[in-house]
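Participant: After the structure tokens below, expect a handful of questions from me.
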2 protein chains.
Amino acid sequence: MDRRTFLSGAAIVAAGAASACSQDNGTQNGPAAPAVARRRTRRLRMVTTWPAGFPGLGTAAERTADYIREMSSGELDIRVHGAGEIVGAFEVFDAVSGGVADMYHAAEYYWQGRSPAYNFFCSVPMGLTATEIMGWVEYGGGQQLWDELAGQFNLIAFQAGNTGHQMGGWFKREINSISDFRGLRMRIPGIAGNVIRELGGAAVALSGGEIYQALQSGAIDATEWVGPWNDMAFGFYREAPFYYGPGFHEPGAALAVGINRGVWDSLSSDHKAIVRTACRAANNQSVAEFTYQNGIALETLRTRHGVQLRDFSDEIWREIGRVSEQVVADSARNDELTRRVYDSYIEARRVMRAWGSVSEAPYLQRRDMILGG
Amino acid sequence: MDRRTFLSGAAIVAAGAASACSQDNGTQNGPAAPAVARRRTRRLRMVTTWPAGFPGLGTAAERTADYIREMSSGELDIRVHGAGEIVGAFEVFDAVSGGVADMYHAAEYYWQGRSPAYNFFCSVPMGLTATEIMGWVEYGGGQQLWDELAGQFNLIAFQAGNTGHQMGGWFKREINSISDFRGLRMRIPGIAGNVIRELGGAAVALSGGEIYQALQSGAIDATEWVGPWNDMAFGFYREAPFYYGPGFHEPGAALAVGINRGVWDSLSSDHKAIVRTACRAANNQSVAEFTYQNGIALETLRTRHGVQLRDFSDEIWREIGRVSEQVVADSARNDELTRRVYDSYIEARRVMRAWGSVSEAPYLQRRDMILGG
């Protein structure tokens, strides 16, 4: 089915969940073609796990929708809704799976309760960097496994953003040995929380908007969120002055668009191409934007807010690494699909790590050696 | 102008250089809309600096064209031509600038003879990585400067691919001190060639297809090309067994689509969005593909072909770095626009390097420490 095909309004309504059709005869933007020849505007609802317009996250969802609208001349008109506008942040999966909404923009590891395999399509401790997860999903067999996983929930999902490297977090007190994690109450979600628990700490799950208050009240001793750009917006430096980096837990967190399978199947081939390509372009922009904006924000944090950067010692890294490898492997023992996802991910990490170890990693080290710290 | 607007064949021919129109009434792919309501197929010619279908380079051009064709339902039908099919590799700039062809896919540093500013939109020694140049061009002011530069040549250009980190090259003899560059005849193009000359070597310009023969005949002692994936295809390991990495000269070489300005201006707003978004998606795929395929190829080179990896010593790196910084700065002295491009690029490098130095670079080092070499 392509642009030349006349779709009746009735056919569109029948095909897609949660779609509303409205006729737009084009009088605002230029001369109208004969009414039967243009497909009517199809409105789709995208629900997200982000506060509306939140920099880098909410804006990545909006950018994806903008690309789709512009490229389809408004034939696909996607309205983006922040967390809580239609459903709560963590209800978007069920909403799209069940057809209450058409698509979501989220981080797939939020659905680890449905399957631990979902962690691997966002980020896992000691896992892939941003460009590596792009390589695995697009060229290393990841997308096929993701299709299989999402298909179990009446969904199809694509990469549509990446935060890049996430920092180790904000701490009220310095972490000088692995024993300093004992009793530490830290906001850290998902499988990385299991690592903190293994180290003797308490992993607390809080949505972004709840973190600052918890730090201020003393309910938590530390938090991770994303990186300098997003972290600065919340002002964590006022309550927890020690900023640890790099982080171990989300070395390149992928964001995703998930689409109701019936809605996806109802799209014409050109509209499918538009959605798929918009997701890839949004992913590209997200990687670019986080790389640049984190640099700008880090400088502001250091020079204007006096933030002190810290790094975990090699001893701490070795223990975190050992525990992380065990926790991630354990997560894949329970079902056959997760096991296959884990095996594919770990094999891709092995292959791309060997390349990174002789290319970008030592280049960055040499560039710093030459240009100064 | 949007999809609803009826464009006559005559109007399209008048608007674009080198465009051919043909009527396609859609009988092959589905029911036809009334003939007046659909825009006719607009055929555009993309000329490239790559051998047709060359992995990662020629295929990046074809992927961009495919995305555009699919998303526009074939309304924009871009035919991709390998180097030499319509014009030679290094004639594509003039061909598109002058309207002989509509667009090119190339590496912008090939046009350094027109302006040294062009180097910065591909890669310069000790410069930005793949994700960093994406950050600078998309969010750090790079695109605006690029628009100004390309505008001088009746062009507009966008990022549409990136090779990622490029290796230091293949050498017949080991390089143990900086003096080993004296008298070395190395195939290395552009501004990086100036660095080799400063070190006492001879930089030779050869197209990809000429390199192997020159190595075999002894006309050159060393060559760089791209990375494991592309280098393996040419079989350089048979003639020059020492493979040096990382490289200093192209830490993340951007590929670009350049478009004749009149052709660009003639596109409707939805077709402009389709072309722009296709370039961004192609860039995303290219970064993903090189990251994965270089890993696969490196393993094959090591295990099947017995390739020996080498790294330049810190002493060599310091001297290469010092000379590179000088050569790149010198390249920007001649004209005011290049100076502004240089200043913007170097400032972006400063900002993003500070971020990379506390995030991905040390993460990669720790991950290797934990998982083993």
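Participant: When the accessible area of each residue in the range B:137-175 is compared between its chain alone and the complete protein assembly (1.4 Å probe; ligands, DNA and RNA ignored), which residues differ by at least 40 Å², being lower in the assembly?
Facilitator: So the qualifying set is B:Tyr139, B:His165.
Participant: Can you give the charge dipole size of the range B:260-373 about its Cα centre, rounded to the nearest 20 debye, using +1 on the beta carbon of Lys and Arg and -1 on the beta carbon of Asp and Glu?
Facilitator: Its charge dipole is roughly 220 debye.
Participant: Alpha carbon centre of the range B:108-165 versus the range A:281-296: separation in Å?
Facilitator: 17 Å
Participant: Angle, helix A:269-303 long axis vs. longest principal axis of chain A, Cα atoms, 0 to 90°, nearest 10?
Facilitator: Relative to chain A, helix A:269-303 is tipped by roughly 30 degrees.
Participant: Using amide H atoms built in the peptide plane, which far-off residues or other-chain residues are under 5 Å from A:Leu155 H to H?
Facilitator: A:Arg261
Participant: Something else now. Is the shape of chain A best called rounded, prolate or oblate, per the rule: a/c under 1.5 gives rounded, else a/b larger than b/c gives prolate, else oblate, with a ≥ b ≥ c the square roots of the Cα gyration tensor eigenvalues? Mind showing how you got there, number by number?
Facilitator: Numbers: a/c = 1.94, a/b = 1.78, b/c = 1.09.
The shape class here is prolate.
Participant: Considering only protein heavy atoms and a 1.4 Å probe, what is the carbon-and-sulfur percentage of the accessible area of the protein assembly as shown?
Facilitator: 48 percent
Participant: Here's another thing I want to ask about it. I need the phi-derived Karplus couplings for the range A:41-46: 6.51 cos²θ - 1.76 cosθ + 1.60, θ = phi - 60°, integer Hz, Gly and Pro marked x.
Facilitator: Working through the residues one at a time gives 4, 10, 8, 10, 10, 9 Hz.
Participant: Rounded, prolate or oblate: pick one for the range A:183-298, where a ≥ b ≥ c are the square roots of the eigenvalues of its C-alpha gyration tensor, a/c under 1.5 means rounded, and failing that, prolate if a/b is larger than b/c, else oblate.
Facilitator: Details: a/c = 2.69, a/b = 1.88, b/c = 1.43.
In terms of gyration-tensor shape, prolate.
Participant: Counting only C-alpha contacts under 8 Å and six or more residues apart, can you give the relative contact order of the range B:46-160 as a whole percent?
Facilitator: RCO, the range B:46-160: 24 percent.
Participant: Could you give the angle, 0 to 90 degrees to the nearest 10, between helix A:314-331's Cα long axis and the longest principal axis of the Cα atoms of chain A?
Facilitator: 40 degrees
Participant: Name the residues of the range B:45-84 whose accessible area falls by at least 20 Å² when all protein chains are present instead of the chain alone, probe 1.4 Å?
Facilitator: Buried-area filter returns B:Tyr67, B:Glu70, B:Met71, B:Ser73.
Participant: With the other protein chains left in place, how much accessible area per residue, in square angstrom, belongs to the protein assembly as shown at a 1.4 angstrom probe?
Facilitator: 33 Å²
Participant: Now, a different point. Of the DSSP beta bridges with both residues in chain A, give the percent that are antiparallel, rounding to the nearest 5.
Facilitator: Around 50 percent of the beta bridges assigned by DSSP in chain A are antiparallel ones.
Participant: What is the set of long-range amide H partners of B:Gly82 at a cut-off below 5 Å, with H atoms built 1.01 Å from backbone N?
Facilitator: Excluding prolines and chain starts, which carry no amide H, the hits are B:Ala52.
Participant: With charges set only on the Cβ (+1 for Lys and Arg, -1 for Asp and Glu), what does the dipole of the range B:167-207 come to about its Cα centre, in debye to the nearest 20?
Facilitator: 160 debye
Participant: What is the P(r) of the range B:259-373, as percent of Cα-Cα pairs per 10 Å bin from 0?
Facilitator: 10, 17, 33, 27, 12, 2
Participant: To continue, here is another question. Using alpha-carbon pairs under 8 Å, 6+ residues apart, how would you state the relative contact order of chain A in percent?
Facilitator: Relative contact order of chain A: 22 percent.
Participant: State, in square angstrom and to the nearest 100, the accessible area buried between chains B and A, both chains counted, probe radius 1.4 Å.
Facilitator: What B and A bury together is about 8500 Å².
Participant: Less than 16 Å from a label point 7 Å out along the Cα-to-Cβ axis of B:Leu371: which backbone N atoms in the range B:301-337 qualify, by residue?
Facilitator: Once the point is set 7 Å along Cα→Cβ of B:Leu371, nothing inside the range B:301-337 turns out to lie under 16 Å by backbone N.
Participant: Charges on Cβ only, +1 for Lys and Arg, -1 for Asp and Glu, centred on the Cα centroid of the protein assembly as shown; of B:Ala348, A:Leu149, A:Met46, which one is farthest towards the dipole's positive end?
Facilitator: A:Met46
Participant: Taking 40 Å² as the minimum loss, tell me which residues in the range A:205-236 lose that much accessible area going from the chain by itself to the full protein complex (1.4 Å probe).
Facilitator: Correct list: empty.
Participant: Decide, for the protein assembly as shown, between rounded, prolate and oblate: order the square roots of the alpha carbon gyration tensor eigenvalues as a ≥ b ≥ c, take rounded if a/c falls under 1.5, and otherwise choose prolate if a/b is larger than b/c, else oblate.
Facilitator: oblate
Participant: Then there is this: Quick one: Cα centre-to-centre distance for the range A:301-370 and the range B:188-245, in angstrom?
Facilitator: The range A:301-370 and the range B:188-245 have Cα centres separated by 33 Å.
Participant: Given charges of +1 on the Cβ of Lys and Arg and -1 on the Cβ of Asp and Glu, with all other atoms neutral, how large is the dipole of the protein assembly as shown about its Cα centre, in debye to the nearest 20?
Facilitator: Dipole about the Cα centre, nearest 20: 920 debye.
Participant: Tell me the volume per residue, in Å³, of the convex hull enclosing the alpha carbons of the range B:93-234. Don't skip to the end; give the middle numbers.
Facilitator: Details: hull volume 18.0 nm³, N = 142.
Value for the range B:93-234: 127 Å³ per residue.
Participant: Setting aside same-chain residues fewer than 8 positions from A:Lys272, which lysines have a Cα under 24 Å from its Cα?
Facilitator: Reachable lysines: B:Lys272.
Participant: Can you tell me the relative contact order of the range B:95-251? Whole percent, Cα pairs under 8 Å, sequence separation 6 or more.
Facilitator: Averaging sequence separation for qualifying contacts and normalising by length gives 29 percent for the range B:95-251.
Participant: While we're looking at this one, here's another question. Count neighbours as other Cβ atoms within 10 Å of each site's Cβ, and list the trypsin sites (Lys or Arg not before Pro) in the range A:313-373 that are DSSP loop with at most 13 such neighbours.
Facilitator: Here the trypsin sites (Lys or Arg not before Pro) that fit, given the DSSP loop and packing criteria, are A:Arg333.
Participant: Let me ask something else about it. Going toward the positive end of the dipole of the range B:109-260, with +1 on Lys and Arg Cβ and -1 on Asp and Glu Cβ, which of B:Gly135, B:Ile196, B:Phe248 do you reach last?
Facilitator: Checked the options; the winner is B:Ile196.
Participant: Considering only DSSP beta bridges whose two residues both sit in the protein assembly as shown, what percent are antiparallel, to the nearest 5? Don't skip to the end; give the middle numbers.
Facilitator: Working: 36 of 70 bridges.
Restricted to the protein assembly as shown, the bridges split so that about 50 percent are antiparallel.
Participant: Roughly what angle does helix A:208-217 make with the longest principal axis of chain A, taking Cα atoms, 0 to 90 degrees, to the nearest 10?
Facilitator: The angle comes out at about 30 degrees.
The values are calculated or read from the model by the stated rules, or taken from the named source; none is laboratory data. If you're wondering where the values come from, they're calculated on a predicted model, not measured in any experiment. Glycine gets a Cβ as well: all are built from the backbone with ideal geometry, and neighbour counts include every protein chain shown. When the accessible area is computed, the model is the full protein with side chains, heavy atoms only, and any ligands, DNA or RNA have been set aside. Shrake-Rupley method; radii C 1.70, N 1.55, O 1.52, S 1.80 Å.
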